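Written out below as structure tokens is the structure these notes cover.
The values are calculated or read from the model by the stated rules, or taken from the named source; none is laboratory data. None of the values given here were measured: they were computed from a predicted structure. Note that each Cβ is placed from the backbone with ideal geometry, even for glycine, and that neighbours are counted across all protein chains shown. These area figures cover heavy atoms from the full protein model, side chains too; ligands, DNA and RNA do not enter into them. Shrake-Rupley method; radii C 1.70, N 1.55, O 1.52, S 1.80 Å.
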Amino acid sequence: MKCSACGVKEAVVSQPHTGRALCDTCFLFDIKERVRETARRFNMIGESDRVMLAVSGGKDSFVLLDVLSELLPAERVFALSIIEGIPGYNRLEDIEKLRRYAKERGVDLIVTSIKEFTGMSLAEIVRVARERGIGVSACTFCGGLRRKIINTCARMLGATKTATAHNLDDEVQTAILNLLRGDIGRLLRQHPNAPRLSEKFVQRIKPLRYVYEWEATMYSYLKGFRFQETECMYIVESPTLRARVRKWLYMLERESPGTMLRVLKAVDKLAERLLELHGRLPRLPQCSVCGEPTSYRRQYCKVCELLMAVGAKLAVKPQ
Ligand code: SF4
Ligand code: ZN
Ligand code: ZN
């Protein structure tokens, strides 16, 4: 079958949400264009922005690195990778692959670790948490710490934006979870143009938010990236409600292709209307340890509280 877009090359990818079958060239172009269009639509990158890409070595981060390094001059982009310290995961050879690829694209890669920031690797934190009977999943520690480290590094290294490789699947799951929990505040904060809650938060952009996960995988495959395929040993602990929402969304997507894209676009429009009506989001209290704003209504932010519970603390204080 010929490609639905150029009509010249053989189609190699079927794209159910558009009803098209595309050749490799047109498929890669389509993804790049969607990322550019998303960045334009939400005004994600201004002319003076210096963007820090948060990359893990997975397929999504290769796509992020590939497309953004094309979109921005080398002096306005660099990448950060965080080693969590999970046995068998995020190994040094994966980081080396990432470093080589970043270098090819003219992007500097800075590598840090959870241990560097807290004195303990993620595996050590989880072990102590279990010994002390703290019923918090590894993913809760991991996600919170990575967010804090990304924000701190961005500030320390002079980035004006941080870009993460969250794809459409991640974003739509998060939106549904926010709705299921009745957390309208978080739903609004998920919008790319939600006002910043504090100058201490470096604005986070997600240029892949309209790209399906399978599309990111296909992009990486067609580009010949050798991305990290090992699975984190804690994946089985990832929150079960998210896993159920993911399964449900995939079922709807199979029955009616394009559902996930439509849902996220509808949520974005809804958030835009609400943000227009309210103008701003409520200010948040500050954590008395790290000084960052927190939606967690206690004296400490959730990350600082969890670290204290396992006898650790942020070694590098956010400025
Ligand atoms: Fe971190 Fe959980 Fe992902 Fe593992 S599965 S890398 S612990 S968020
Ligand atoms: Zn084509
Ligand atoms: Zn804190």
Practice item. Would you please list the contacts, defined by Cβ atoms under 6 Å and residues six or more apart or on different chains, that run from a residue in the range 165-186 that is without any contact (Cβ under 8 Å) to a residue 60 or more places away in the chain and assigned by TED's automatic domain parsing to the domain that holds TRP214 to a residue that is among the hydrophobic types (A, V, I, L, M, F, W, C) and surrounded by fewer than 22 Cβ atoms within 10 Å (Cβ to Cβ)? Key: ASN178/LEU187
Check your understanding: Is it fair to say ASP183 is away from ligand 1 (no atom under 14 Å from the Cβ) and open to solvent by 30 Å² or more (accessible area, probe 1.4 Å)?
Key -> yes
Check your understanding: Can you tell which of GLU33, GLU84, GLU47, GLU37 is over 22 Å from ALA194 (Cβ atoms), out of contact with any helix residue (DSSP H, G or I) (no Cβ under 6 Å at 6 or more places or on another chain) and more than 16 Å from ligand 3 (Cβ to nearest atom)?
Key -> GLU33
Exercise for review: Could you figure out which of (1) open to solvent by 40 Å² or more (accessible area, probe 1.4 Å); (2) part of a loop (DSSP other than H, G, I, E, B); (3) in contact with a strand residue (DSSP E or B) (Cβ under 8 Å, 6 or more places away or on another chain) isn't true of ARG204?
Suggested key: (2)
Practice item. With the checklist (1) in contact with a Leu (Cβ under 7 Å, 6 or more places away or on another chain); (2) β-branched (Val, Ile, Thr); (3) crowded, with 19+ Cβ neighbours inside 10 Å in hand, flag the one item VAL136 doesn't pass. Key: (3)
Exercise for review: Go through the range 128-156 and give me each residue that's within 28 Å of ILE31 (Cβ to Cβ), more than 15 Å from ligand 1 (Cβ to nearest atom) and either among the β-branched types (Val, Ile, Thr) or out of contact with any strand residue (DSSP E or B) (no Cβ under 6 Å at 6 or more places or on another chain) (or both).
Suggested key: ASN151
Point to revise | Single condition MET1 does not satisfy, out of (1) assigned by TED's automatic domain parsing to the domain that holds THR162; (2) at pLDDT below 95; (3) open to solvent by 30 Å² or more (accessible area, probe 1.4 Å) | key: (1)
**Study point:** Residue tally, condition at pLDDT 95 or above and either under 17 Å from GLU116 (Cα atoms) or out of contact with any Ser or Thr (no Cβ under 9 Å at 6 or more places or on another chain) (or both), over the range 48-64
**Key:** 1
Exercise for review: Check the range 252-259 and report whether any residue there is on the phi > 0 side of the Ramachandran plot, more than 16 Å from ligand 2 (Cβ to nearest atom) and either outside any loop (DSSP other than H, G, I, E, B) or at pLDDT 95 or above (or both).
Suggested key: yes
